[in-house]
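A.B. asks: Below are the structure tokens for one structure; questions will follow.
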Amino acid sequence: MADVQDGHYDSSTDSLRVEPIYESFLCPLTKQIMRDPVTLESGATFEREAILKWFQESDSSGRSLICPITRKELSSTELNPSIALRNTIDEWMHRNEAAKLDVARKSLTSENSEHDTLQALEYVVEICQRSRSSRHVVRKLGLISLISELLKNSSTKVRQKSLESLCFVAKDDNDNKDEIAAGDNIRTIVKFLSHGHVQEKEQAASLLYELSQYKPLSEKIGSVPGAILILVGLSSSKIENLLTVDRADKTLVNLESCEKNVRQMAENGSADTQLSMAAYVGELVLTNEVKVFVAQTAGSALVNIMKSGNREAREAALKALNQISSYDVSAKILIEAGILPPLIADLFTVGSNQLPMRLKKVSATILANVVASGANFQSIPLDHNRQTLVSEEIVHNLLHLISNTGPATECKLLQVLVGLTSSSTTVQGIVDAIKSSGATVSLIQFIEAPQREVRMASIKLLNNISPCMGQELAEAFRGNFSQLSSLIRVIADNNGISEEQAPAAGLVADLPLQDSVLTRRLVEDGAFTTIISKVIMIRQGESRGGRFVNPFLEGLVRIVSRITFILEDDPDIIAVAREYNLTALFSDLLQMNGLDTVQIVSATALGNLSGQSKHLTKILPPPNGGLCFSIFPCLSQKSVETGVCRVHHGICSSRESFCLLEGKVVEKLVACLDHNNEKVVEASLTALSTLLDDGLDIDQGVMVLCDAEGVKPILDVLCENRTEALRQRAVWAVERILRTDEIAYEISGNQNVSTALVEAFRHGDFRTRQIAERALKHVDKLPNFSGIFSKIGAQ
């Protein structure tokens, strides 16, 4: 829209100075510059289209035909072209456009602000939309090269607007397209497709589509290394915007003849062509879709370059493969293309043909990427001897290389072993090789590496192998306690919960639980203070760690539970358990539904603690006549003396003697007996069984279970017979429960319990059969073939 202000034309789209305009150039009806002026019999002049619309509206409404300006009635609707005025307007338009383009050219050639540059580009777009002749003027004034230079501008907005401007400049003008494609402009435009912003990608795809409609440029686009690969990735992308995908797809249609050539280039091209392709792919930031396409079309060629290319070509191929292998799908395609043998050769070769260390680092990175894909490396041969990545000799070589290289390569090779030990099918082979090579101590040393990535990779590796070689790792840590202390410092870090902390906690937790030397060392280092405070923070929701928080918590809880495995006859460790009030801590953790490992460990720890209660309760002197100890139930949650414990017959407390009654833990353990995880059930039943141990008041222990409504769940565990370990534990507990006559009488009519005991009597191990026999006697349900244990004394 143009307005007359002070006799001058002022554009609403920019503020570039233009030649003044007369009001007679504007249509009285539209207030816009007239393109086809016509004059009525009244002498007034209008835009043809506007006055015809006026006549039509008058006729439709039944009004008389009048001149919109003079308001006089018209006897005729004849329109006389005003040729002189039209020519005058056209001349003015051309002068105006030329003047504005000249100002735009000056704006693009000088150091102007971003605002002025964008304004100049906007006017180029506006001019090019008017006519093909206007686009011709843009070329004649040398604006195309100026706009092309702006593709390298630091401003995203300027680059985007430059791409858009070139689209309009190129439309239906092959000469303009030729000039746009001069130099390395097409290569620059292609780069926008791989790592430009969303709008830049869209404009670049649109510009390439416009250029590709001119066949000579179609061939030129196809000759740019990687162009077709990227376009194919974009055309099949599910994450790019629809216009970008559409333009990429239509450009490929124009390049159909070139796609075949590019495929042949990748597979059968000359060494120079292959080198150019590899070097270009190595520079790009590829989407996952493009990585897959490159792996499919060029993977074999790149692997062949690794095998037989010169140093320069191998370096280019390695950089390209480093990009492609970072996506697991494309990495598996590279495995099929045979990437593993030359990779291993590059890493292990010494002498005149060996790669420099900077390239060995790239090879190690690619190998780490490939291993992370999760392929079955046991079945992929590396040579004619059918060795694989998990063969002892190969692992020995990797371990040797790790100990004789720089931190960057160390890190990647450690990540290779992390990947191989993350699979249950390959971990044992790696463990056997580590043991046979004697590399345990050297691997543990990396825990103290100053480089975080190296340290984290080593901790992950050691955590993966710790379930299989906990004893060997414990011996190594006993030889150098500083490394154990380094692990604790990693765990103690307070910058959130990191990827490094979870495996560090898991590693310490996997060390033999009954290794009192290591546990005492942790006590001396104050490790438990730190670890328990972290457990409490996580439990209270004060620590955030995303996907690492649960494995970290599980490891921490397992470490704390170590204390409960060495309580026997050790006053110092008992004092530690009292100091941290472990009964209350594990009682709380037992309620963390959804974290099975935490519940299993907590129930096991509570069982260990409860097993010591009979030794720690304070036995009172014999009472005065008539005092009955059974009337003092242990019901208080307070950690103070509240009376005589009905089970332990002494003064108990949750904190001092770890009494389950005092800690109100019995009901929580009973609640876990119907858990879906049989390991949780087994640990909870084991803990409850400590109330029925020899040396305690078993009758009162049974009454405690009755009060907590725990007898029926225990009977259910027996009848369900989920695992042999659960059946053994349940038979033991049920036999003790059935020693109470009232319960035995009531259960004697329960056919399911009787059947479960008979099954245990028939099919259990020797000890279970003994106990089942005694239980059946309690309910008078012993089969006729009993008595085979008559000569064997009671347990």
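The values are calculated or read from the model by the stated rules, or taken from the named source; none is laboratory data. Quick caveat: nothing in here was measured; it's all calculated off a predicted structure. Every residue, glycine as well, gets a Cβ built from its backbone with ideal geometry; the counts of neighbours run over all protein chains shown. Surface accessibility is based on the protein's heavy atoms, side chains included, excluding ligands, DNA and RNA. Shrake-Rupley method; radii C 1.70, N 1.55, O 1.52, S 1.80 Å.
A.B. asks: Can you name every residue in the stretch 403-413 that is in contact (Cβ under 8 Å) with a residue 24 or more places away in the chain and either in contact with a Lys or Arg (Cβ under 6 Å, 6 or more places away or on another chain) or more than 21 Å from PRO381 (Cα to Cα) (or both)?
C.D. replies: Of the stretch 403-413, the ones in contact (Cβ under 8 Å) with a residue 24 or more places away in the chain are 403, 405-413.
Once the filter is applied, which keeps residues that are in contact (Cβ under 8 Å) with a residue 24 or more places away in the chain and either in contact with a Lys or Arg (Cβ under 6 Å, 6 or more places away or on another chain) or more than 21 Å from PRO381 (Cα to Cα) (or both), the stretch 403-413 yields SER403, THR405, GLY406, PRO407, ALA408, THR409, GLU410, CYS411, LYS412.
A.B. asks: Considering only helices (runs of 4 or more DSSP H) fully contained in the stretch 157-222, which possess at least 2 residues that are basic (Lys, Arg) and without any contact (Cβ under 8 Å) to a residue 12 or more places away in the chain?
C.D. replies: Details: elements: 174-180, 185-195, 198-212.
Answer list for the stretch 157-222: none.
A.B. asks: Go through (1) open to solvent by 20 Å² or more (accessible area, probe 1.4 Å); (2) modelled with pLDDT under 95 for ILE600 and report which single condition fails.
C.D. replies: Unmet condition: (2).
A.B. asks: Do any helices (runs of 4 or more DSSP H) entirely within the stretch 250-344 hold 2 or more residues that are β-branched (Val, Ile, Thr) and either buried (at least 19 other Cβ atoms within 10 Å of the Cβ) or at pLDDT 85 or above (or both), and if so, which?
C.D. replies: Details: elements: 256-268, 271-283, 288-308, 311-324, 328-336.
Ranges flagged: 288-308, 328-336.
A.B. asks: Restricting attention to the stretch 406-426, which residues are in a helix (DSSP H, G or I), within 11 Å of ASN464 (Cβ to Cβ) and among the β-branched types (Val, Ile, Thr)?
C.D. replies: Scanning the stretch 406-426 gives VAL418, THR421.
Yes/no matrix, rows are residues, columns are (1) at pLDDT below 85; (2) more than 30 Å from GLN160 (Cα to Cα); (3) exposed (fewer than 14 other Cβ atoms within 10 Å of the Cβ):
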position	(1), (2), (3)
ILE51	no, yes, no
SER61	no, yes, yes
ARG71	no, yes, yes
PRO81	no, yes, yes
LEU85	no, yes, no
HIS94	yes, no, yes
GLU97	yes, no, no
ASP102	yes, no, yes
ILE127	yes, no, no
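A.B. asks: Which of the residues that make up the stretch 469-494 are among the polar types (S, T, N, Q), open to solvent by 30 Å² or more (accessible area, probe 1.4 Å) and in contact (Cβ under 8 Å) with a residue 40 or more places away in the chain? Reasoning before the result, please.
C.D. replies: So in the stretch 469-494, the residues among the polar types (S, T, N, Q) come out as 471, 480, 482-483, 485-486, 494.
Checking the rest, the ones that are also open to solvent by 30 Å² or more (accessible area, probe 1.4 Å) come to 471, 480, 482, 494.
GLN471, the sole residue that qualifies.
A.B. asks: Hey, can you tell me all the residues within the stretch 366-391 that are open to solvent by 20 Å² or more (accessible area, probe 1.4 Å) and hydroxyl-bearing (Ser, Thr, Tyr)?
C.D. replies: SER379, SER391
A.B. asks: Does LEU582 satisfy being surrounded by 18 or more Cβ atoms within 10 Å (Cβ to Cβ) and over 36 Å from the mean Cα position of the chain (by Cα)? Even if it seems obvious, please write down each step before you answer.
C.D. replies: Details: surrounded by 18 or more Cβ atoms within 10 Å (Cβ to Cβ): yes; over 36 Å from the mean Cα position of the chain (by Cα): no.
Criteria not met by LEU582.
A.B. asks: Please go through the stretch 104-118 and give me each residue that is open to solvent by 30 Å² or more (accessible area, probe 1.4 Å) and over 15 Å from LYS140 (Cα atoms), ordered by number.
C.D. replies: Applying the first criterion (open to solvent by 30 Å² or more (accessible area, probe 1.4 Å)) to the stretch 104-118 yields 105-106, 109-116, 118.
Listed by number, the residues that qualify are THR109, SER110, GLU111, ASN112, SER113, GLU114, HIS115, ASP116, LEU118.
A.B. asks: Quick one: in the stretch 392-405, of everything that is part of a helix (DSSP H, G or I) and open to solvent by 30 Å² or more (accessible area, probe 1.4 Å), which residue is nearest to ARG455 (Cα to Cα)? Give the steps one after another, and end with the answer.
C.D. replies: Pass one, the stretch 392-405, residues part of a helix (DSSP H, G or I): 392-402.
Cutting the leftovers down to open to solvent by 30 Å² or more (accessible area, probe 1.4 Å) gives us 392-393, 396-397, 400.
Details: GLU392: 24, GLU393: 25, HIS396: 20, ASN397: 21, HIS400: 18 Å.
The qualifying residue nearest to ARG455 (Cα to Cα) is HIS400.
A.B. asks: Any residue at all in the stretch 684-699 that's surrounded by fewer than 20 Cβ atoms within 10 Å (Cβ to Cβ) and either at pLDDT 95 or above or under 19 Å from GLN591 (Cα atoms) (or both)?
C.D. replies: Checking the stretch 684-699: not a single residue is surrounded by fewer than 20 Cβ atoms within 10 Å (Cβ to Cβ) and either at pLDDT 95 or above or under 19 Å from GLN591 (Cα atoms) (or both).
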